[in-house]
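Heads up: the structure comes next, in structure tokens.
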Amino acid sequence: MSTALIGRGLGVAYGTRRIFNGLDVRVESGCLTALIGPNGAGKSSLLRVLAGVQAPSSGVVEQHARTAFIATAQSLPPDVTPAQLAGYLVALRAPWWRLHRTVQERSAITAALNQTGLGDHADDPAEHLSTGELQRAWIAAALATGAGALLIDEPTTHLDVRYQLEVLRVLKVVARAGHAVLVAIHDLTLAARFADSVALLAGGVIEVGGPESVIKPETLAPAFGVDIEIQHDAEGNIICTPR
């Protein structure tokens, strides 16, 4: 397993309000990491800083893989298709003087659409796609550009249970293919079920470990300010229930 992103001494402040300071973060290839924490802890800020979209107030980021940031708020014009979206993002990275896609770029777009389960919907306009399919279209577009690290801000927001599972299963497949996936998620049960590792950001401190070592009552209670009961289903999956 290789390291795709390294953050050293990262800090973010907005005016006089300091969100976090001195964070050290590593994002590993081949791993799906769930970023959890209370509202306002800085999860979105950390994702943007690691992606290079936002400059940190302090610290440095080392990117050892091409990185893509995907925000939940991103939408598409109703007539744009997943294939067109992927082609557009690929074109943005191509030399300005090249007018046509290469064979390799066309193959990358097709592979990304198939990997995210959109091969049969590649030419469907956005207005005919479900919210979950739209989310997967952005993931496919990022993969088509050759991104080795995907940083995704709350991909399950506004999705019903079926599409939440659908998106997270796709991200698990993407991670297993060797990509680094760091995803901010509010649902602790889903985070525990799908993540290889969990990063809890709260109170300006980040704690990283396996789901069993991070998602436990004594760790979650001070972070979220509420007691959380941990149970396991018949398959051993963690279930989190606020008391």
> Under a point-charge model restricted to the Cβ atoms of Lys and Arg (+1) and Asp and Glu (-1), what is the dipole moment magnitude of the range 76-147 relative to its Cα centre, in debye to the nearest 20?
Replying inline: 440 debye
> Kirkwood Rh over Cα pairs of the range 175-243 into Stokes-Einstein at 20 °C, 1.002 mPa s: D in µm²/s?
Replying inline: 169 µm²/s
>> I need the Debye-formula profile for the range 19-158: one equal scatterer per C-alpha, no solvent, reported as log10 I(q)/I(0) at q = 0.20, 0.21 1/Å, two decimals.
In response: -1.24, -1.32
>> Could you check the spin-label model distance between A111 and A55? Points 7 Å from the Cα along Cα→Cβ, value in nm.
In response: 3.6 nm
>> Given Cβ point charges of +1 (Lys, Arg) and -1 (Asp, Glu) and nothing else, what value in debye, to the nearest 20, does the dipole of the range 1-56 about its Cα centre take?
In response: 200 debye
> Once label points are set 7 Å from the Cα along Cα→Cβ at both N21 and I239, what is their separation, rounded to one decimal in nm?
Replying inline: 4.3 nm
> Spin-label point model (7 Å from Cα, Cβ direction): what's the S213 to N39 distance in nm?
Replying inline: 3.2 nm
> Given A202, I185, T241, which one lies farthest toward the positive end of the charge dipole of the chain, if we put +1 on the Cβ of every Lys and Arg and -1 on the Cβ of every Asp and Glu?
Replying inline: A202
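If you take the Cα Rg of the chain and divide it by 2.2 N^0.38 Å, with N the number of residues, what do you get? Walk me through the numbers before you get to the answer.
Values: Rg = 18.3 Å, N = 243, 2.2 N^0.38 = 17.7 Å.
Working it through for the chain, the quotient is 1.03.
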> Separation of the range 87-101 and the range 115-170 by C-alpha centroid, Å?
Replying inline: 22 Å
>> With a 10 Å cut-off between alpha carbons and a GNM built on the chain, which of D120, D160, D233 moves the most?
In response: D233
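Which of the peptides 105-117, 27-39 is most tightly packed, and how do the rest follow, going by the mean number of other Cβ atoms within 10 Å of each residue? Kindly include the intermediate steps, with their values, before the conclusion.
Values: 105-117: 19.5, 27-39: 21.2.
The densest-packed peptide leads the list: 27-39, 105-117.
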> So, by mean Cβ neighbours within 10 angstrom, what's the order for 128-135, 168-175 with the highest one leading?
Replying inline: 168-175, 128-135
> Can you pull the Kirkwood radius for the range 76-147, inverse mean 1/r over Cα pairs, to one decimal in Å?
Replying inline: 11.9 Å
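Every read-out reported here was derived from the displayed coordinates using simple, explicitly stated rules and does not represent laboratory data. Since the model is a prediction, treat every value here as computed from it, not as a measurement. For neighbour counting, all protein chains shown are included, and Cβ atoms are generated from backbone atoms with ideal geometry for every residue, glycine included.
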